[in-house]
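Report on the following structure.
The values are calculated or read from the model by the stated rules, or taken from the named source; none is laboratory data. Owing to the predicted nature of the structure, the values given are computational and were not obtained by experimental measurement. Methodologically, a virtual Cβ is constructed for each residue, glycine included, from the backbone with ideal geometry; neighbour enumeration extends over all protein chains shown.
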Amino acid sequence: MPRVSDEHLERRRQQILDAARICFVRKGFHQTSMQDVFTESGLSAGAVYRYFKSKDELVIALASTAAGDIRAQMTAVIDSDPLPTPAELVGQMTDWISAQSGPEGRIRLAPQAWSLALIDEDAAAPVRQTLAGIRGMWRAYAERMRTAGWLPPDADLDAVAAALFGLLPGFVLQHLILGDPVREEYLRGVETLFPYGTPGTRPRHEPTTVADPA
């Protein structure tokens, strides 16, 4: 019998994940059965179980994939030159979020994963890892803000990162549940609260190369 290629296996795995994502978005995690996934994917139970043994494994895989995409998007923005303002950073990320939040968009899974993490330890572990990684990226951005003079030399970067972290989930929840705010309105609010680097403003502090305390 010919050996199945790695490419074929990955295509089949992605086929199952795409089916699970559609089912979870349509019906919610708890209302979706593995039979729903079998039907949506067009595969037998045996074929699906070869890759994923449960709904929890599917959620974990979907969360991990989304996390990688989000971190790649944020890394590209945070590392760009010149340093983007908070409104510019949030603007680029909300562009991406909006594009992923349609009727079957994967961003719709995010609140479900957060909720599941509160009651299911297996699901909680990857969600915690994902959120901690994103908060770490905000910390890297805060460090660049301090170097640019937008924050004082003695700024608590962990505290800044924790505060900035809420900007994107805040947009996600309002966008998905309330149907607003309009993205441009949200960005005006971010720019008002964090006017660093915007025309007509100057750094509040001298640029610094102070190293982080160990």
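Odds and ends about this structure:
- Only a single item in (1) loosely packed, with under 13 Cβ neighbours inside 10 Å; (2) in contact with a Phe, Trp or Tyr (Cβ under 8 Å, 6 or more places away or on another chain); (3) charged (D, E, K, R); (4) modelled with pLDDT of 85 or more is not met by R204, and it is number (4).
- Residue among Q73, Q35 that alone is at pLDDT 95 or above and of a type outside the set (S, T, Y): Q35
- Set side by side, the residues T147, T130 differ, and just one is in contact with a Ser or Thr (Cβ under 9 Å, 6 or more places away or on another chain), of a type in the set (V, I, T) and farther than 23 Å from V59 by Cα, which is T147.
- Qualifying position, being at pLDDT 85 or above and over 27 Å from D18 (Cβ atoms), among G136, G197: G136
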